[in-house]
Ligand code: HAX
């Protein structure tokens with residue numbers, strides 16, 4: 001069965017579960033909120049629903065119930081590769097089913113039809129100052145495509161119907177995930193290669209074509225596939241996924257929603273951390289290692305200097321995770337298994353940071369999680385393969401994150417989730433409830 005038909009069947013089967021929960025069990029309590037959570041970024045409050053992925057503090061992410069190694073093992077592989085295509089992962093994220101090879105081939109073919117980015121989008125991005133951050137270019141490029149939104153057209157058609165609205169979100173979602181690598185490759189070539197653009201190779205799957213379009217090696221094709229899959233989804237509470245969900249909950253179309261999500265991803269406490277890690281590591285080498293090999297002692301001193309200057313150690317800590325991020329480990333394993341990369345000087349420094357930073361952060365005593373997250377490792381791989389422009393790394397994250405965000409809002413509409421509208425309170429109210437020992 002084609003992806004959209006499978007999805008339709010699954011959404012229709014799922015709807016009665018949501019109706020039953022709200023109608024029969026709507027008043028059942030699943031959480032309570034403390035003053036700490038109210039002031040401290042709503043941490044851990046159970047108030048979002050998604051079946052696309054789940055993040056366990058100890059175990060890490062599961063996509064559709066599968067750990068990262070299980071996901072990579074289960075999905076059909078790209079031709080001549082040990083890694084799955086991004087297209088097969090998209091099928092899996094949307095439906096929860098491991099696709100057959102013909103089902104994957106169908107998605108690959110469909111994305112080829114959808115991937116043509118209109119010239120006015122390239123023109124809009126090209127009109128920006130070349131010094132603009134590539135995340136600005138990506139967000140502008142996605143927003144510029146809004147003119148083509150099928151969801152917005154459906155909403156304005158006078159025939160809007162909540163039961164089928166997801167179908168036009170799905171159409172936009174597929175267009176966005178097919179086009180975002182093309183747009184990102186355009187931005188890369190515009191910004192770092194004097195606008196020497198490379199045409200799409202229609203014989204390639206998404207990850208391989210991205211590698212081709214940024215002038216990368218054969219080996220990088222697997223890097224792209226792995227990277228986009230690993231960065232796709234991290235349940236719904238992180239800034240980029242939550243922003244996309246929030247904006248779409250107002251029935252803003254997927255272009256508005258994902259452009260907003262990307263703006264959140266561009267924050268240094270979120271997706272920008274991957275460029276910050278490279279920046280930190282390079283500055284560390286420049287300042288502390290003039291003519292000498294990096295050592296654990298030098299790294300320890302540099303980490304303390306960063307902390308004493310009131311800054312965070314980029315790539316370490318997490319709002320939910322309480323152990324080393326399995327996405328970090330997957331990339332570390334990739335480095336260890338790639339001849340050349342495992343002896344790469346930058347990988348050695350990053351590995352030394354891994355040995356030292358958790359101890360330093362524990363001694364510092366603030367962070368609840370001293371372990372590395374996804375961003376601590378990702379830049380090393382990119383840098384090794386010649387993507388040395390580290391302000392581009394968050395764009396790569398944004399290409400991957402589109403998969404999770406788009407799968408989620410397709411389901412949001414399918415299940416008719418409400419406009420998001422939490423309640424705010426005043427400081428005086430908090431003080432009153434504090435004095436009374438709670439809100440009665
Ligand atoms: N270095 C120094 N201090 C840190 C820290 C780090 N890596 N991580 C947390 N802390 C500090 C916090 O700033 C906070 O300090 P204050 O009490 O002074 O405000 C304290 O420890 C408690 O924070 P926490 O509860 O452990 O962590 P939060 O949930 O508040 O924040 C962050 C989670 C990821 C934002 C945080 O760990 C951080 O800033 N890390 C560095 C930036 C980073 O790597 N971000 C990427 C995270 C993964 C991701 O989203 N990728 O996109």
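Every number here is computed from the coordinates shown, using simple stated rules; none is lab data. Keep in mind the model is a prediction, meaning the values are calculated, not measured. In this analysis, Cβ positions are derived from the backbone assuming ideal geometry, glycine residues included, and neighbour counts consider all displayed protein chains.
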For region 102-247, shape from the Cα gyration tensor axes a ≥ b ≥ c, cut at a/c of 1.5 then a/b versus b/c, turns out prolate
With label points set 7 Å from each Cα along the Cα-to-Cβ direction at residue 45 and residue 415, the distance between them in nm comes to 1.9
Under the 7 Å Cα-to-Cβ spin-label approximation, residue 337 and residue 34 lie apart by a distance in nanometres of 4.1
Ranked from fewest to most other Cβ atoms within 10 Å of their own Cβ, 231, 318, 14 fall in the order 14, 318, 231
Relative contact order as a percentage, the chain, C-alpha pairs under 8 Å and 6+ apart, gives 21
Where a ≥ b ≥ c are root eigenvalues of the Cα gyration tensor, a/c under 1.5 meaning rounded, otherwise prolate if a/b exceeds b/c and oblate otherwise, region 298-371 counts as oblate
The alpha-carbon center of region 144-178 and that of region 11-90 are separated, in whole Å, by 24
So residue 304 and residue 24, fully extended at 0.36 nm per residue minus their Cα-Cα distance, gain in nm 95.4 nm
In nanometres, the difference between 0.36 nm per residue of separation and the alpha-carbon distance of residue 366 and residue 164 is 67.9 nm
The Cα radius of gyration of region 1-90, divided by 2.2 N^0.38 Å with N its residue count, comes to 1.49
Counted neighbours (other Cβ, 10 Å), sorted fewest up, put 306, 324, 410, 427 in the order 427, 306, 324, 410
D (µm²/s, integer) via Stokes-Einstein for the chain, Kirkwood Rh across alpha-carbon pairs, 10 °C, 1.306 mPa s: value 69
Expected sort for 394-403, 195-204, 26-35 on mean C-beta neighbours within 10 Å, highest first, is 394-403, 195-204, 26-35
Dividing the helical contributions, -39500 (n - 2.57) per DSSP H run of n ≥ 4, by the residues of the chain yields a 222 nm value, nearest 500 deg cm²/dmol, of -18500 deg cm²/dmol
Region 1-37 scanned against label point 7 Å out from residue 74 along Cα→C-beta; backbone N under 14 Å for none
Between the modelled labels at residue 199 and residue 4 (7 Å from Cα along Cα→Cβ) the distance in nm is 2.8
So, relative contact order of region 140-216 in percent, Cα under 8 Å, 6 or more apart, is 23
